[in-house]
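Notes for the one structure printed next.
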Amino acid sequence: MRTTIDSYKARAGRLNTDGIDFEGFKDYPLSAEALRSLRYMHDIEHHTICYLRDLLLTPAHRDAEVTSFLACWAFEELWHGEAIADVLEAHGESAGAPRVANLRERRKWRDTMEVASHFGASTLAGASFVALHMSWGAVNEWTTQAGYARLAAREANPVLTELLKRIMKQEGGHIDFYASEAARRLGESKKAQKLTRFALKHLWRPVGSGVMPKSEVAFLCRFLFGGSDGRAVAERIDRRVDKLPGQDGLGLLTTAIDNFSRLTPAA
Ligand SMILES: [Fe+2]
Ligand SMILES: [Fe+2]
């Protein structure tokens with residue numbers, strides 16, 4: 001059954017962190033690798049609002065269902081970032097607004113350039129851009145949810161696992177919307193299929209790679225998607241992409257992970 005925007009809107013809301021013992025991390029701290037992963041995830045969740053700003057300049061803003069979704073989606077992602085900030089703060093780290101302000105300050109000039117090029121490209125692509133955006137969103141949400149699942153499995157800390165489980169449930173709602181909209185819109189238009197295939201093949205990179213330093217992307221690729229278990233997860237995402245109309249055989253995740261893992265050794 002296709003998830004409608006109405007059912008998503010009814011379920012969307014602030015992440016429930018009741019009963020999550022953030023203070024407990026002071027006695028049972030997470031590993032250095034888990035914290036490094038969480039810093040990345042924190043920054044990306046908080047970057048959602050900037051991504052949303054870019055999207056609203058595109059034809060996506062004319063579709064009322066898409067904008068309803070985006071409003072709820074950005075709100076949920078904010079609270080994922082806030083919950084991860086609580087974990088980092090319990091470890092004595094700066095998180096939330098000060099960390100986000102630093103990140104945005106570093107990206108000021110790059111941001112301006114990206115907004116301009118994003119706007120230009122999406123205007124040329126017209127309605128097909130919305131199909132591309134939905135497909136891109138589906139790949140990113142599949143990857144994000146899988147990344148949280150891998151982190152929970154690797155760290156095996158019950159408090160972190162419970163928090164990530166709750167976040168992953170909401171990421172599942174994002175997946176339902178993006179993936180069903182992508183399949184429907186791609187199924188209706190060969191032009192959208194071609195544009196999406198071209199963009200995914202040539203432009204898609206792992207979530208956060210446009211924002212985070214390459215060393216951090218490489219670390220995450222190796223830590224979360226390295227080894228046979230990580231590889232199996234990446235291959236599963238590639239198979240999901242294969243099922244989107246016109247997107248068969250791209251091998252996005254496995255290729256990107258190979259490239260990033262090779263690029264910079266994980267420190
Ligand atoms: Fe999220
Ligand atoms: Fe999400």
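The values are calculated or read from the model by the stated rules, or taken from the named source; none is laboratory data. Here the structure is a predicted model, which is why all the values come from computation and not from measurement. So basically every Cβ, Gly included, is an ideal-geometry build from the backbone, and we count neighbours across all protein chains shown. Side chains included, ligands, DNA and RNA excluded: accessible areas come from the protein's heavy atoms. Shrake-Rupley method; radii C 1.70, N 1.55, O 1.52, S 1.80 Å.
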For the chain, alpha-carbon Rg and Dmax in angstrom: 18.0, 56
With all protein chains modelled, accessible area of Ser68 [1.4 Å, Å²]: 40
Taking +1 at the Cβ of each Lys and Arg and -1 at the Cβ of each Asp and Glu, which of His42, Asn16, Tyr28 sits farthest along the dipole of segment 13-56 towards its positive end, judged by Cα position relative to the Cα centre? His42
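What does the helix-only formula give at 222 nm for the chain: each DSSP H stretch with n ≥ 4 adding -39500 (n - 2.57), the total divided by the residues, and the result rounded to the nearest 500 deg cm²/dmol? Write out the running numbers ahead of the final one.
Values: 11 runs with 198 residues, N = 267.
Here the helix-only value at 222 nm equals -25000 deg cm²/dmol.
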With +1 at each Lys and Arg Cβ and -1 at each Asp and Glu Cβ, the charge dipole magnitude of segment 5-205 around its Cα centre, to the nearest 20 debye, comes out at 1060
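Hull surface divided by four, with the convex hull built on the Cα atoms of segment 115-267: how many nm²?
Numbers: hull surface 37.2 nm².
Averaged projected hull area, Cα only: 9.3 nm².
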Within the chain, count lysine pairs with alpha carbon atoms under 23 angstrom apart where the residues are 8 or more positions apart or belong to different chains. 12
